[in-house]
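Take a look at the structure set out below.
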Amino acid sequence: MEHKDKVAIVTGGAHGIGKCIAETFRKRGAAVAVIDVREGDHFVGDISRKEVLEAFADDIISRYGKVDYIINNALPLMKELDECSWEEFQYAMAVGVTAPFYLTKLLSPHLAEGASIVNISSSRDRMSQPQTESYTAAKGGIAALTHALAVTLRGKARVNSISPGWIDTDYKEYDGADAVQQPAGRVGNPMDIANMVLFLCSDKAGFFTGENICIDGGMTRQMIYHGDYGWRLEDPQHTPTS
């Protein structure tokens, strides 16, 4: 029960990976404060808005008086270059980068001894599919924000980020090509991420700070060339039409 009586903050904690992280902390005795745009038994609000973050921070401090762990997990918007408006791109950056920065700023005076901050990035911070600019930019931003905060908060909190690969939040099991394209032989699930969050928020990770840990079953480490293992690339610029 290393996390017993600790206070953990989880943004986007009402569904998916965030919900799994929040539930795992609770099972280990921590008090958990969640903020999410979804309705539910938690603080409901849009973290792209400054006043919402300020109200959430005030609520945390009034209830707990301290913060041990901040998990910046809320999911930014993914829109295509061809369709993403100025406002939508700004919204993605606000949720994915500005909110983690500002929430950390608001709560930093109240960080307990041994505090840990974990930012959820993505393996898209280093690789891309076409038409994913808003999401990818936000995830790259939070990965960079991580090492900046780690240096600024030295001696006050450790700050690390996790970059998940393919994580199926419904715990569906895959076989065939979907599974074996990961060297680990399977698609990930939210517990793969929650377990690392708990590790980074433990004394066992006392020498970890400023790090980005990619949890993707080895997918970003596997080199693939046209013709490898029967894989072939169709150039979208020169795909023949019927």
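Which one is modelled with the lowest pLDDT among residues in the stretch 185-200 that are crowded, with 20+ Cβ neighbours inside 10 Å and in contact with a helix residue (DSSP H, G or I) (Cβ under 8 Å, 6 or more places away or on another chain)?
Per the criteria, the residue is Val187.
If you check Tyr64 against the conditions, is it touching a strand residue (DSSP E or B) at 6+ places or on another chain (Cβ under 7 Å) and buried (at least 23 other Cβ atoms within 10 Å of the Cβ)?
In short, no.
Is there a residue in the stretch 146-160 that is within 25 Å of Leu106 (Cβ to Cβ), surrounded by 18 or more Cβ atoms within 10 Å (Cβ to Cβ) and among the polar types (S, T, N, Q)?
Yes, the stretch 146-160 contains a residue that is within 25 Å of Leu106 (Cβ to Cβ), surrounded by 18 or more Cβ atoms within 10 Å (Cβ to Cβ) and among the polar types (S, T, N, Q).
If you scan the stretch 1-17, which residues turn out to be surrounded by 21 or more Cβ atoms within 10 Å (Cβ to Cβ), closer than 21 Å to Asp168 by Cα and touching a Leu at 6+ places or on another chain (Cβ under 8 Å)?
Residues satisfying the conditions are Thr11, Gly12.
Assess whether Thr239 counts as being part of a loop (DSSP other than H, G, I, E, B), modelled with pLDDT of 95 or more and either in contact with an Asp or Glu (Cβ under 6 Å, 6 or more places away or on another chain) or over 27 Å from Asp168 (Cβ atoms) (or both).
Judged against the criteria, Thr239 is not a match.
Among the residues of the stretch 25-61, which ones are within 15 Å of Asp5 (Cα to Cα), among the small types (Gly, Ala, Ser) and surrounded by 14 or more Cβ atoms within 10 Å (Cβ to Cβ)?
Ala30, Ala31, Ala33
Quick one: which residue in Gly141, Gly217 is part of a loop (DSSP other than H, G, I, E, B) and surrounded by 15 or more Cβ atoms within 10 Å (Cβ to Cβ)?
Checking each option against the conditions leaves just Gly217.
Please tell me if His42 is closer than 21 Å to Leu153 by Cα and modelled with pLDDT of 95 or more.
No, not satisfied.
Being more than 14 Å from the chain's Cα centre (by Cα) and among the basic types (Lys, Arg), is that true of even one residue in the stretch 105-126?
Looking for residues that are more than 14 Å from the chain's Cα centre (by Cα) and among the basic types (Lys, Arg), one finds at least one in the stretch 105-126, hence yes.
Hand me the list of helices (runs of 4 or more DSSP H) wholly inside the stretch 1-118 holding 1 or more residues that are touching a residue at least 60 places away in the same chain (Cβ under 8 Å) and of a type outside the set (Asp, Glu).
The helices (runs of 4 or more DSSP H) meeting that bar are 16-27, 99-107.
Could you pull out the residue among Asp125, Asp178 that is more than 30 Å from Gly29 (Cα to Cα), at pLDDT below 90, of a type outside the set (A, V, I, L, M, F, W, C) and in contact with a strand residue (DSSP E or B) (Cβ under 7 Å, 6 or more places away or on another chain)?
After ruling out the rest, the residue left standing is Asp125.
What do you reckon, is Glu88 within 26 Å of Gln131 (Cα to Cα) and either at pLDDT below 95 or surrounded by fewer than 17 Cβ atoms within 10 Å (Cβ to Cβ) (or both)?
Here the answer is yes, as Glu88 does meet what is asked.
Quick check on my filter: what residues within the stretch 197-230 are touching a residue at least 60 places away in the same chain (Cβ under 8 Å), under 22 Å from Val187 (Cβ atoms) and among the hydroxyl-bearing types (Ser, Thr, Tyr)?
Within the stretch 197-230, just Thr220 meets the criteria.
Hey, can you tell me all the residues within the stretch 169-194 that are among the small types (Gly, Ala, Ser), touching a residue at least 24 places away in the same chain (Cβ under 8 Å) and outside any helix (DSSP H, G or I)?
Once the filter is applied, which keeps residues that are among the small types (Gly, Ala, Ser), touching a residue at least 24 places away in the same chain (Cβ under 8 Å) and outside any helix (DSSP H, G or I), the stretch 169-194 yields Ala184, Gly185, Gly188.
So if I check each of Thr209, Thr169, which one is buried (at least 17 other Cβ atoms within 10 Å of the Cβ) and not hydrophobic (A, V, I, L, M, F, W, C)?
Just a single option satisfies the conditions, and that option is Thr209.
The values are calculated or read from the model by the stated rules, or taken from the named source; none is laboratory data. None of these values were measured; they are calculated from a predicted model. Here the Cβ is made from the backbone with ideal geometry for all residues, glycine too, and neighbour counts use every protein chain on show.
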